[in-house]
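These notes are about the structure you will find just below.
The values are calculated or read from the model by the stated rules, or taken from the named source; none is laboratory data. Owing to the predicted nature of the structure, the values given are computational and were not obtained by experimental measurement. No Cβ is skipped: glycine too gets one built from the backbone with ideal geometry, and neighbour counts run over all protein chains shown. Just so you know, the surface numbers come from the protein's heavy atoms only, side chains and all, with ligands and any DNA or RNA stripped out. Shrake-Rupley method; radii C 1.70, N 1.55, O 1.52, S 1.80 Å.
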Amino acid sequence: MSKVVEISPTTRHEGHSKLVLKVNDQGIIETGNWCSITPVRGVEKLAVGKTPEQVPKIASRVCGICPIAHNLAATEAMEASIKCEIPKDAKMLRHILQLANRLHSIALHDILILPDLYIPGTEVMINPFTAEEPVRTVAKRIQRLREIGQTIGQIAGGDCIHPRNTRVGGMYRNCSEQAKVKMYDLAKEGLVLAKAQMDFMIAVLRNYQARESVSVGGMKVALPKTLGYHNQGYLATHAFYGSSSLDECPGWDIDRFKEVRPWDWYMGEMEVSLEEPRYPVGGTTKLGTKVNPQMEACTGIPMYDGQPVEVGPRARLATFKGYDEKGTVGQNVAREMEYPDSLYEMIDCIDALDTKGKVVADYIPDGDGSLGWASNEAPRGTDVHIARVKDWKVQYFSMLVPTTWNFATCSAALTGAPWQLAEVIMRGYDPCVSCATHMIVLDEDNKLVAQKLIQ
């Protein structure tokens, strides 16, 4: 007979989410729901009536991990709506800024998944904060990679968290030749470190993959070879940067997109019937607790061609490089493979940057209300922003961020896994839950319904 176990909140990622799992007598997941429980931010509503210059600043503040991706996607959505083409060197600066964000983000993700893994040849699980070798050297390398990413981001974007240099129509300023040389030197250093970090992470991931069992809170759990497998498709708009509706051949088609309610996708009201106090940290939800993913989930379910899709590193590699490894380990390996590739691309962009080149468009229209969209291939995947601008006022704004795309696909990937490994699967998507939480449900009279969604 099926039992229900809830892990709430999930850990080692940004934002608040939960896992509601229906499992069989052997503890294998039959149906899994992963959903956001982060309060609604209301960014899209805040954007209406603002100027196109204000909205990217608002959008970037939905999260402290992905602000660069949101800033770029929002800025370019405004440009797509008003049909403003920006100069080549402005695009180069944006590319460098976006890749710097990816460099920093992958390093952070490594810290968050390392505690699930083992030092090869031992039964010692990795504590990324230990002072002991070999982990100490790895931790110092991770921190240096983050520092390099943030420094390059500050040079290209004016700030490494909420970039001040981006603007509708291009960039406020170009960088100096001296600053270009510094970015180049940092990127070359980063490339050496990224290759070493990729090799280390892939080694520990392959070691994990080869194990018969792993330990979770002192419980010995069998490790299936198909951990995290799913049959959903992939979505990626570019190998490194993104696309917009201004492109001659856009990488995304708004007509193939549809969003459905969580009510139509998640399980309904249930009662927790399996409790495990040994599960870290603090045990699972208490027996008898009522759960209702349909009503508690704070995101819609985006579909592409009528199905959920995976976005992120594996989707990019599968789309543009023929990568075909499935499962959670394959997903994490793809992320590591993007590390040196991102730095090679960054070095090419720095080489191509003309520090004397123009970075602001000659003419920036006020907008006629046309619908425009832009995607940025954020570290976690395709980040699509959609906008309408008329007379320099935003009439409509929407954010379809990577973790929103991945909620339903990850839920499918939970099936067949021991419930104790559900968070390992979830962490493979490098969740950024606050970014994903933007849904408020209104009825036909524009009155708020489903109050539980925002409590």
| task | Determine the distance separating the Cα centre of segment 354-374 from the Cα centre of segment 394-429; give it in Å without decimals. | result | 34
| said: Less than 18 Å apart at the alpha-carbon level, and either on another chain or at least 8 residues along: which aspartates and glutamates does that give for Lys22? | reply: Glu6, Glu30, Asp264, Glu269, Glu271, Glu275, Glu276, Glu296, Glu423
| query | Where a Cα-Cα gap under 21 Å defines reach, which lysines qualify for Lys326, not counting those fewer than 8 residues away within the same chain? | reply | Lys225
| query | Rounded to two decimals, what is Rg over Rh for segment 1-135 when you use alpha-carbon atoms and the Kirkwood radius? | reply | 1.11
| field | Centre separation in Å (Cα based) which lies between segment 229-268 and segment 148-225 | value | 24
| task | Mind scanning Lys220/Lys286; Lys356/Lys390; Lys195/Lys356; Lys18/Lys91 and naming the pairs with a C-alpha gap bigger than 29 Å? | result | Lys356/Lys390; Lys195/Lys356; Lys18/Lys91
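Return a whole-number percent for the relative contact order of the chain, with Cα pairs under 8 Å and 6 or more residues apart as the contact set.
After rounding, I find 28 percent.
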| note | Dipole check, the chain, charges on Cβ (K,R +1; D,E -1), about Cα centroid: among Val424, Gly381, Phe240 the Cα furthest to the positive pole belongs to Val424
| query | What list of ³J(HN,Hα) values in whole Hz, one per residue of segment 354-369 in order, does the Karplus curve 6.51 cos²θ - 1.76 cosθ + 1.60 (θ = phi - 60°) give from phi, with Gly and Pro shown as x? | reply | 9, 5, 9, x, 6, 10, 10, 4, 5, 9, 10, x, 7, x, 10, x
| message | Give me the one-decimal nm value for the distance between modelled label points at Ile254 and Glu325, 7 Å along each residue's Cα-to-Cβ direction. | response | 3.8
| With eigenvalues of the C-alpha gyration tensor scaled by 5 and rooted, segment 90-168, Å | 33, 11, 8
| request: Would you check the accessible area of Tyr234, probe 1.4 Å, heavy atoms only, in square angstrom rounded to 10? | output: 90
| query | Which residue, chosen from Ala222, His16, Leu400, occupies the Cα position most advanced towards the positive end of the dipole of the chain, where the dipole is computed from +1 (Lys, Arg) and -1 (Asp, Glu) charges on Cβ about the Cα centre? | reply | His16
| said: For Val216, what residues show an amide H to amide H distance below 5 Å, using hydrogens built from the backbone and excluding near sequence neighbours? | reply: Val221
| note | Using alpha-carbon coordinates alone, the radius of gyration and Dmax of segment 259-334 in Å work out to 17.4, 48
| In deg cm²/dmol and to the nearest 500, what is the mean residue ellipticity at 222 nm of the chain if only DSSP H runs of at least 4 residues count, each as -39500 (n - 2.57), divided by the residue total? | -12500 deg cm²/dmol
| request: Can you tell me the alpha carbon radius of gyration of segment 166-302 divided by the globular rule-of-thumb value 2.2 N^0.38 Å? | output: 1.66
| said: Suppose the chain between Gln307 and Asp362 were pulled fully straight at 0.36 nm per residue; how much longer would it get relative to their current alpha carbon spacing? | reply: 15.6 nm
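Hey, got the dipole for the chain? About the Cα centre, +1 on K and R Cβ, -1 on D and E Cβ, debye to the nearest 20? Each step should come with its number before you reach the end.
Details: 50 positive and 55 negative charges, 171 e Å.
The dipole magnitude comes to about 820 debye.
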| query | Can you list residues whose amide H is under 5 Å from Leu371's amide H, if they're 5+ apart or on another chain and H is modeled 1.01 Å from N? | reply | none
| Computed E for Phe129/Ser215 - FRET, C-beta separation, R0 22 angstrom, nearest 0.05 | 0.70
| field | Phi to ³J(HN,Hα) by Karplus 6.51 cos²θ - 1.76 cosθ + 1.60 over segment 47-62, Hz, x for Gly, Pro | value | 6, 5, x, 7, 7, x, 6, 6, 5, x, 5, 5, 4, 5, 8, 6
| field | Convex hull (Cα only) mean projected area of the chain, reported in nm² to one decimal | value | 21.3
| Residues listed by number, segment 19-50, amide nitrogen under 15 Å from Val281 label point at 7 Å toward C-beta | none
| request: Using a 10 Å cut-off on Cβ atoms, rank the peptides 182-191, 410-419 from the highest mean neighbour count down. | output: 410-419, 182-191
| What FRET efficiency do you get for Ser273 and Met295 if R0 is 25 Å and r is their Cβ-Cβ distance, rounded to the nearest 0.05? | 0.85
| remark: Here segment 334-344 yields Karplus 3J(HN,Hα) values (6.51, -1.76, 1.60; θ = phi - 60°; whole Hz; Gly and Pro given as x) of 4, 4, 5, 5, 6, 4, x, 4, 5, 6, 4
| said: Under the 0.36 nm per residue contour assumption, what length would be gained going from the current alpha-carbon distance of Ser398 and Thr51 to full extension? | reply: 123.4 nm
| said: Multiplying the sequence separation of Lys182 and Lys88 by 0.36 nm and subtracting their Cα-Cα distance, what value in nm do you get? | reply: 31.8 nm
| field | Hits among aspartates and glutamates - C-alpha to C-alpha of Lys393 under 14 Å, sequence gap 8 or more where chains match | value | Glu44, Glu53, Glu79, Asp366, Asp368
